[in-house]
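The values are calculated or read from the model by the stated rules, or taken from the named source; none is laboratory data. This structure is a prediction, so every number in the text was calculated from the model and none was measured. Counting neighbours? That spans all protein chains shown, and the Cβs are built from the backbone with ideal geometry, glycine included. Keep in mind that these areas ignore ligands, DNA and RNA; they rest on the heavy atoms of the full protein, side chains included. Shrake-Rupley method; radii C 1.70, N 1.55, O 1.52, S 1.80 Å.
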Amino acid sequence: MKTVNHWIDGQAVEGASGSYGPVTDPATGEVTTRVALASAAEVDAAVAAAKAAYGSWGTSSLATRTSVLFAYRALLDAHREELARLITAEHGKVHSDALGEVARGLEIVELACGITTQLKGELSTQVSNRVDVAAIRQPLGVVAGITPFNFPAMVPLWMFPLAIACGNTFVLKPSEKDPSAALLLAGLAQRAGLPDGVLNVVNGDKVAVDRLLEHPDVAAVSFVGSTPIARHIHRTASAHGKRVQALGGAKNHMLVLPDADLDVAADAAVSAAYGSAGERCMAVSAVVAVGDTGDALVAKIRDRAEKIKIGPGNDPTSEMGPLITREHRDKVASYVAGAAAQGAEVVLDGTGFTVEGHENGHWIGLSLLDRVSTTADAYRDEIFGPVLCVLRAESYEEGVALINSSPWGNGTAIFTRDGGAARRFQLEVQAGMVGVNVPIPVPVGYHSFGGWKDSLFGDHHIYGNDGVHFYTRGKVVTTRWPTESISAFGAGSDGGVDLGFPSHR
């Protein structure tokens, strides 16, 4: 059986803990790989390698860093098919979706290639007599990233290219459920010329995570995952003096006004709710139908959902693949099974779905729940699967109030032809990312990604300008160069050393 090990100081390193986890092909249910789970000592070795590499990488020229990143971008582009195949084999998403994931990760590599403009400082001359003030940004040192299973290539690429472009060194702890993509990313970085130790990968579970959170040589931690774990990451790492960027879960709403094009809205709802089997934090999991739009909209969603072809991710005809694990599949199914008892109308029940010839895969069909109450479990919890809830509201104001009462504030969208209503929504809705007739408003790489409320813990969003600020810290330098020579004792031409606070005149 294939074993996925670690990548430390520029080479593959066999696991030494004796502990391994299973990696499963979600389409068959077969364990195809085992992954080494790092001990605290193995995490320490990765951090030590990163700390040693920081001595030279942190002071390297911007030209050196960007030349590596440009080469890395070219290698990623050349290997995008290989990356996509690894993602499909271990996560289960269809090949086209996996290719899209790689493409979105490449956006951030391209942003990192342009780090020279992002790191330009500020200079004010002659703020006082012969005094200049400059503001610069410098790297933090060793930083760490803890990434989720649902985007095993994209989310790591949201983190380490920007971090190393800023001059940091990096320790990545990918999900142990689908770790192979991260190892390929690290190997390609070495081929691009990245010095040994600048990027390290340790596979593991809670043991590895907790060691990174408490390690004294780790300056910052970036995390993407569920809200309970994001809260734990933020509290624990902050308590150990680290800068933290922890992106949590979501319950993204799509508000559909009576003037909306219902065909467009239905297409968007199906794509946003069921794409990638609903295993993404930007999935639309709640549609709020305003006024009398509900019945017609639900009928259109149902008609489209029934035509979605579910099958193995490596089948080019498949539009949706399986869920990541059998346990997760069963948990998602439980929300559908209990929906009717909590007052919902079960329009589509996908819990009994299977694929002929792949009966042991982690399959679930598309489920659609109508007239869902805000007190129902299917609405209150982040399901992270292909389950769409439809709620009803009598007015725009009621719909916005419903959305804003959610503890999450990751992404949201409005579908309408009314520019005034759209403008109000942008300003009034409490979420970090807003779409107007766009169901999944993931920002492009040069804008930052992140939510509000329980969807983000920490002050910085990920990538974009926020990402650069997260991986650097500011320094302000005030300089004065006398025009006359000074004596050996430091006295100027005025005959003495001035111990007073300088005047700005």
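State which stretch of the chain is the longest one without any exposed chymotrypsin sites (Phe, Trp or Tyr not before Pro), exposure meaning a DSSP loop state and at most 16 other Cβ atoms within 10 Å.
After excluding every exposed loop site, the longest remaining stretch is 1-352.
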Can you compute the charge dipole magnitude of region 52-208 about its Cα centre, using +1 on each Lys and Arg Cβ and -1 on each Asp and Glu Cβ, nothing else charged? Give it in debye, rounded to the nearest 20.
320
In a shell of Cβ-Cβ distance under 10 Å around R243, excluding R243 itself, what net charge do Lys and Arg (+1) and Asp and Glu (-1) give?
+1
Roughly how big is region 352-397's charge dipole about its Cα centre, with Cβ charges of +1 (Lys, Arg) and -1 (Asp, Glu), in debye to the nearest 20?
80
Ranked from highest to lowest mean number of other Cβ atoms within 10 Å per residue, what is the order of the peptides 338-344, 210-216?
210-216, 338-344
How high is the FRET efficiency from S17 to A239, r the C-beta distance, R0 30 Å, rounded to 0.05?
0.70
Of Q245, P139, A401, which is farthest along the charge dipole of the chain in the positive direction, counting Lys and Arg as +1 and Asp and Glu as -1 at C-beta?
P139
Alpha-carbon centroids, region 167-234 and region 252-298: separation in whole Å:
35
At 0.36 nm per residue, and after removing the present C-alpha to C-alpha distance, how many nm does the segment from T374 to A299 gain when stretched out fully?
24.9 nm
Around L162, what is the net charge, scoring Lys/Arg as +1 and Asp/Glu as -1 over all other residues with Cβ under 15 Å from its Cβ?
+3
Rg and Dmax of the chain, Cα atoms, in Å?
25.6, 94
So what is the relative contact order for the chain, in percent, with contacts set as C-alpha pairs under 8 Å and at least six apart?
18
Restricting to Cα pairs under 8 Å and 6 or more apart, the percent relative contact order of region 1-85 works out to 23
Counting only Cα atoms, I'd like the Rg/Rh figure for region 99-196, Kirkwood definition for Rh.
1.14
Hey, how many Å between the Cα centroid of region 71-100 and the Cα centroid of region 105-137?
34
Compute the FRET efficiency between K307 and T64 as 1/(1 + (r/R0)^6), taking r as their Cβ-Cβ distance and R0 = 56 Å, and round to the nearest 0.05.
0.60
With every protein chain in place, region 92-205: carbon and sulfur % of accessible area (1.4 Å)
51
Out of every Cα pair in region 138-186, what percent are spaced more than 12 Å from each other?
57
Viscosity 1.002 mPa s, 20 °C: Kirkwood-radius Stokes-Einstein D of region 28-95 over Cα pairs, µm²/s
137
Please list the non-local residues whose amide H lies under 5 Å from the amide H of N252, H modeled 1.01 Å from N, same-chain partners needing a gap of 5 or more.
S285, A286
Would you pull out the residues with amide H under 5 Å of A38's amide H, same chain only if 5 or more places away, H placed 1.01 Å from N?
N203, G204, D205
Whole number in Å², please: accessible area per residue of the chain, 1.4 Å probe, ligands, DNA and RNA not counted.
41
Leaving out ligands, DNA and RNA, what percent of the accessible area of region 213-325 is carbon and sulfur, probe 1.4 Å?
52
Computed on Cα atoms, the radius of gyration and Dmax of region 1-59 in angstrom are 14.8, 49
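Relative to the present Cα-Cα distance, how much length would full extension add between E214 and E30 at 0.36 nm per residue of separation?
Net length gain for the segment: 62.7 nm.
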Taking +1 at the Cβ of each Lys and Arg and -1 at the Cβ of each Asp and Glu, which of V256, V372, W7 sits farthest along the dipole of the chain towards its positive end, judged by Cα position relative to the Cα centre?
W7
Magnitude of the Cβ-charge dipole of region 370-491, K/R +1 and D/E -1, about the Cα centre, nearest 20 debye?
400
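Starting from the Cα gyration tensor of region 298-340, take the square roots of the eigenvalues, sort them a ≥ b ≥ c, and report rounded, prolate or oblate (rounded when a/c is under 1.5, otherwise prolate if a/b is larger than b/c, else oblate). Walk me through the intermediate numbers first.
Values: a/c = 4.59, a/b = 1.08, b/c = 4.24.
Judged from the Cα gyration tensor, region 298-340 comes out oblate (a/c at least 1.5, b/c at or above a/b).
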Kyte-Doolittle mean at least -0.5 and Cα axial length at least 20 Å: DSSP H helices in the chain:
40-57, 62-78, 95-113
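Work through the residues other than T3 whose Cβ is under 9 Å from its Cβ and net out their charges, Lys, Arg +1 and Asp, Glu -1.
Net charge around T3: +1.
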Helix-only mean residue ellipticity at 222 nm for the chain, each DSSP H run of n ≥ 4 adding -39500 (n - 2.57), per residue, nearest 500:
-11000 deg cm²/dmol
What does the convex hull of the Cα atoms of region 361-485 come to per residue, in Å³, rounded to a whole number?
202
Approximate spin-label separation V477-E327, in nm, with each point projected 7 Å along Cα-to-Cβ:
5.2
In Å³ per residue, the alpha-carbon convex hull of region 32-167 encloses 137
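Pairs of Cα atoms under 8 Å, at least six residues apart: use those to get the relative contact order of region 1-152, whole percent.
Normalised by residue count, the contact order of region 1-152 is 19 percent.
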Radius, Kirkwood style, for region 152-289 when every pair of distinct Cα atoms is counted (Å):
17.2
Please find the FRET efficiency linking A41 to E110, where r is the Cβ-Cβ separation and R0 is fixed at 45 Å, and quote it to the nearest 0.05.
0.75
